[in-house]
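Novice: Could you have a look at this structure, given as structure tokens, before my questions?
The values are calculated or read from the model by the stated rules, or taken from the named source; none is laboratory data. Bear in mind the structure is a predicted one, so any value in this text is a computation, not a measurement. Ideal geometry is used to build each Cβ from the backbone, glycine not excepted, and the neighbour counts take in all protein chains shown.
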Amino acid sequence: MGFLNHATNNIIIDAVLTERGREYLSQNDGSFRISSFAFGDDEIDYSIIKKYGVSIGKEKIEKNTPIFEANPNENIALKHPCISFPNPLTRIEKMPSLVWQNSGGLNAIELYDTETVNTITSSEIEIRNFVETTDRSFNLDPNISDSRLIIKMHDDLLKISGIEFIDTDTNNIATYILNTSIVNNSQVFNNQRSRTFSIYTNGVVTSDDFANYSLIGNSNIIKTKIQIIGQSSGASLIIPVNINKVTTA
């Protein structure tokens with residue numbers, strides 16, 4: 001859904017169904033029911049306010065910001081959703097982000113398609129919420145402290161060990177919901193939360209997947225991603241994953 005024109009008292013909205021909505025509508029069995037909606041501000045460049053100040057910056061954003069067309073792909077739309085907080089939360093002191101705690105300085109996870117000698121087909125990932133602070137006694141407001149994480153990944157390429165996904169969409173993107181727990185040691189702030197899970201490729205990725213998803217010019221590598229979203233804060237983190245094909249000489 002996108003706002004096309006709000007220059008007058010009339011608000012014109014371009015609303016399209018997502019691919020999931022079209023799937024439910026085509027079933028014609030009553031499963032298509034709109035129960036909620038969300039707003040996002042993916043188009044907004046907030047650095048304009050920092051550059052020009054609140055008054056002029058706000059005016060520049062309102063007059064010059066291009067409006068994206070409604071996107072039917074639920075995995076691309078609303079990268080920066082607007083979220084609502086219940087009372088009595090009236091002022092947010094710090095907004096959390098998500099960090100890949102055990103990345104070890106890596107920018108991506110390297111995996112292989114099969115479990116042979118000296119190949120890695122699984123990786124343990126620890127995700128923590130994070131705020132910039134030097135005060136370890138700081139407590140993040142519980143309304144934005146993520147007690148759950150939403151994990152999305154391509155089900156043809158990756159799975160989470162020991163956990164079943166709750167849903168897959170028409171693009172075969174699987175969604176998992178994982179509970180978090182309080183960090184007991186080495187925490188940055190008092191009620192910092194974390195979750196550790198393992199992803200794997202062995203028995204998941206096939207030769208057909210390399211034919212369908214491998215890089216142009218290199219049929220021995222698939223590049224995919226894992227998206228982690230904080231259910232309460234809306235914070236999002238993308239972890240790239242490279243899946244390498246084991247070849248025999």
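Yes or no, residue by residue, for (1) among the polar types (S, T, N, Q); (2) in contact with a strand residue (DSSP E or B) (Cβ under 9 Å, 6 or more places away or on another chain); (3) surrounded by 11 or more Cβ atoms within 10 Å (Cβ to Cβ):
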{"position": "T119", "(1), (2), (3)": "yes, yes, yes"}
{"position": "D135", "(1), (2), (3)": "no, no, no"}
{"position": "R148", "(1), (2), (3)": "no, yes, yes"}
{"position": "H154", "(1), (2), (3)": "no, yes, yes"}
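Novice: Only one of these is under 16 Å from N242 (Cα atoms) and surrounded by fewer than 16 Cβ atoms within 10 Å (Cβ to Cβ): S161, S103. Name it.
Specialist: Just one listed residue meets the conditions, S103.
Novice: Assuming G105 fulfils every condition listed in (1) without any contact (Cβ under 8 Å) to a residue 12 or more places away in the chain; (2) outside the structural domain of K223 (by TED's automatic domain parsing) apart from one, which condition is it?
Specialist: All conditions pass for G105, except number (2).
Novice: Still on this model: Search region 227-249 for residues that are on the phi > 0 side of the Ramachandran plot and assigned by TED's automatic domain parsing to the domain that holds Y200 and pair each with any residue that is β-branched (V, I, T) and assigned to a loop (DSSP other than H, G, I, E, B) when their beta-carbon atoms are under 6 Å apart and the residues are at least 6 apart or on different chains.
Specialist: G234/I83
Novice: Here is a follow-up. I want to confirm something. Restricting to region 42-78 and keeping residues that are farther than 30 Å from T170 by Cβ, exposed (fewer than 13 other Cβ atoms within 10 Å of the Cβ) and hydrophobic (A, V, I, L, M, F, W, C), which single residue is modelled with the lowest pLDDT?
Specialist: Here the answer is V54.
Novice: OK, next. State whether the residues of region 229-249 include one that is closer than 24 Å to E110 by Cβ and of a type in the set (D, E, K, R).
Specialist: Within region 229-249, one or more residues are closer than 24 Å to E110 by Cβ and of a type in the set (D, E, K, R).
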